[in-house]
């Protein structure tokens with residue numbers, strides 16, 4: 001059975017909070033993918049009606065409070081309402097600047113919480129599982145629910161674009177469109193979701209989103225030529241790649257900031273290529289690699305497989321070094337002008 005994705009976990013939690021049924025008194029959200037955590041926090045906040053929030057809702061940041069203060073809030077009963085909600089962001093920072101208790105003081109509360117309070121604890125990390133707090137959160141499954149949102153690997157972005165568009169807009173992204181948008185916008189899910197909203201609004205009367213829609217709509221974020229440049233680079237066509245790069249430099253004031261964005265774009269591209277090269281060297285076949293990476297969409301995986309087939313694992317260190325050098329140079333650690341930095345990067349990648 002495939003491991004649930006962050007989107008699968010979000011869907012499950014979202015339905016529970018929206019229905020308001022079988023809610024638990026304590027929740028722990030953690031992980032590097034803040035996009036889903038922020039959306040779920042919004043749903044937790046809605047559990048208290050706006051007119052009841054003054055006395056029954058608290059949003060606290062760990063660096064600004066103490067464990068004792070949070071526990072006192074959670075033990076307080078709601079005022080003229082069915083429940084109160086206490087949300088603690090940066091939960092693990094509660095231990096940093098206070099003498100008023102420590103994180104392990106939450107153990108007793110988690111084992112015997114106030115049934116009329118929903119205490120939502122949020123951080124990027126889970127507490128040390130060897131501590132009494134960590135053990136309490138893990139073992140009190142009848143009172144505490146845990147949601148872990150892992151950062152989405154770059155090679156799964158296209159699948160996520162298609163899934164999120166279907167989930168949030170009931171739109172079908174053609175595989176090439178999902179792949180193109182994910183490469184143009186990059187790994188920031190908040191930015192990607194904004195681009196998806198923009199595209200789906202544009203194609204409001206149509207059910208399917210094509211790569212032509214992406215070309216028309218997302219050009220304001222990054223010129224579509226960067227995709228054409230990528231195709232020339234992975235095909236190792238130096239003359240064509242340099243020609244496209246020069247057109248990009250002429251067409252706009254291709255600033256250092258744009259070079260840095262392009263470096264980030266190519267870092268994502270070659271991060272995907274490196275993953276496939278790495279697994280190929282381990283002796284896995286194409287089907288095994290697709291399963292290992294968890295890429296559901298055959299078009300997306302075949303496109304990444306085709307790109308990776310043009311490079312060897314031994315080339316990856318030099319390519320990532322070239323990207324790092326270009327990033328550093330564009331940030332001012334070089335006497336080269338912006339155009340030279342960009343063109344040299346392309347030459348070094350193609351070899």
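Residue 158 falls short of the stated requirement of being modelled with pLDDT under 95 and in contact with a strand residue (DSSP E or B) (Cβ under 7 Å, 6 or more places away or on another chain). Exactly one residue out of 43, 32 is in the same structural domain as residue 85 (by TED's automatic domain parsing) and touching a helix residue (DSSP H, G or I) at 6+ places or on another chain (Cβ under 7 Å), and it is 43.
When 264, 243, 271 are screened for being over 21 Å from residue 338 (Cα atoms) and at pLDDT 85 or above, only 271 passes. Once the range 168-202 is narrowed to residues that are more than 20 Å from residue 152 (Cα to Cα) and in a helix (DSSP H, G or I), the residue that is farthest from the chain's Cα centre (by Cα) is 202.
Restricting attention to the range 35-68, the residues that are surrounded by fewer than 16 Cβ atoms within 10 Å (Cβ to Cβ) and either in contact with a strand residue (DSSP E or B) (Cβ under 7 Å, 6 or more places away or on another chain) or at positive phi (or both) total 2. Scanning the range 50-65 for residues that are touching a residue at least 24 places away in the same chain (Cβ under 8 Å) and touching a helix residue (DSSP H, G or I) at 6+ places or on another chain (Cβ under 9 Å) returns 57, 58, 59, 60, 61, 62, 63, 65.
Being more than 23 Å from residue 3 (Cβ to Cβ), out of contact with any helix residue (DSSP H, G or I) (no Cβ under 7 Å at 6 or more places or on another chain) and either part of a helix (DSSP H, G or I) or at pLDDT 90 or above (or both) is the requirement here; does residue 205 meet it? So residue 205 fails the test. The residue of the range 112-131 that is nearest to residue 85 (Cα to Cα), among those that are surrounded by fewer than 17 Cβ atoms within 10 Å (Cβ to Cβ) and without any contact (Cβ under 8 Å) to a residue 40 or more places away in the chain, is 116.
Beta carbons closer than 7 Å, at least 6 apart along the sequence or on distinct chains, never pair a first residue in the range 254-267 that is not assigned by TED's automatic domain parsing to the domain that holds residue 347 and exposed (fewer than 15 other Cβ atoms within 10 Å of the Cβ) with a second that is at pLDDT below 85 and part of a helix (DSSP H, G or I). Residues considered: 314, 232. Of these, the only one that is buried (at least 18 other Cβ atoms within 10 Å of the Cβ), over 25 Å from the mean Cα position of the chain (by Cα), modelled with pLDDT of 90 or more and part of a helix (DSSP H, G or I) is 232. If you take the residues in the range 283-302 that are modelled with pLDDT of 90 or more and farther than 20 Å from residue 6 by Cβ, which one is farthest from the chain's Cα centre (by Cα)? Out of the qualifying residues, it is 283.
The values are calculated or read from the model by the stated rules, or taken from the named source; none is laboratory data. Model, not experiment: these values are computed from the prediction. A quick note on method: Cβ atoms are made from the backbone with ideal geometry, for glycine too, and the neighbour counts reach across all protein chains shown.
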